[in-house]
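Encoded as structure tokens, the structure appears first; notes follow it.
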Amino acid sequence: MKNDLLIHGRESELSFFASDDLARAVLISLFSWARAHDDDQVDGSRRHGFWGDSYADAGEVTGSRLWLLCRQKIAPTTIERARQYAAEALEWLVDDGVADAVEVTAERGALDRVDLLVTVMRNRDSRTLRFEDVWRNLHGF
């Protein structure tokens with residue numbers, strides 16, 4: 001199965017954003033697997049996560065927990081968890097002064113589709129990235 005990341009309705013991949021630091025940071029933050037929390041339910045004992053976090057300062061995490069949703073049904077609570085996981089993964093942008101604020105919206109795009117809308121604000125300017133059909137990409141793992 002081929003996985004295409006759709007950003008603003010176009011097939012995309014990380015290399016398309018080689019010169020766009022902010023978009024690349026958002027992509028890595030959302031679609032890298034963060035380690036599951038101790039109270040997160042996982043299949044088996046694998047909690048995954050970025051190996052580099054073993055050497056990071058306490059509380060610093062790379063990636064998101066969106067991967068935890070790959071076996072869930074799309075329900076209002078699941079869509080809200082997707083929004084929360086995405087917001088959590090992007091919080092570092094504000095904490096590190098890259099952005100003044102980050103807003104995340106998750107919505108059901110169709111019967112079997114979840115979309116994420118990420119708006120990053122800095123100095124009265126904003127940048128919005130729309131990630132379409134995130135659900136399909138989660139199920140490709």
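Assorted remarks:
- Hits in the range 105-139 - residues which are closer than 18 Å to Leu66 by Cβ, open to solvent by 70 Å² or more (accessible area, probe 1.4 Å) and in contact (Cβ under 8 Å) with a residue 60 or more places away in the chain: Arg136, His139
- When the range 93-104 is filtered for residues that are under 13 Å from the mean Cα position of the chain (by Cα) and open to solvent by 90 Å² or more (accessible area, probe 1.4 Å), only Glu103 remains.
- Answer residue from the range 48-71, given it is in contact (Cβ under 8 Å) with a residue 40 or more places away in the chain and over 11 Å from the mean Cα position of the chain (by Cα) and is nearest to Leu93 (Cα to Cα) among those: Leu69
- Residue check for Gly59: modelled with pLDDT under 90, open to solvent by less than 40 Å² (accessible area, probe 1.4 Å) and either assigned to a helix (DSSP H, G or I) or at positive phi (or both): no
- Test for Ala36: is it modelled with pLDDT of 70 or more, open to solvent by less than 30 Å² (accessible area, probe 1.4 Å) and within 15 Å of Trp92 (Cα to Cα): no
The values are calculated or read from the model by the stated rules, or taken from the named source; none is laboratory data. Note that the structure is predicted; figures quoted are calculated from it, not measured. Don't worry about glycine lacking a Cβ; one is built from the backbone with ideal geometry, like all the others, and counts go over all protein chains shown. Heads up: the accessible areas ignore ligands, DNA and RNA and are worked out on the full protein's heavy atoms, side chains in. Shrake-Rupley method; radii C 1.70, N 1.55, O 1.52, S 1.80 Å.
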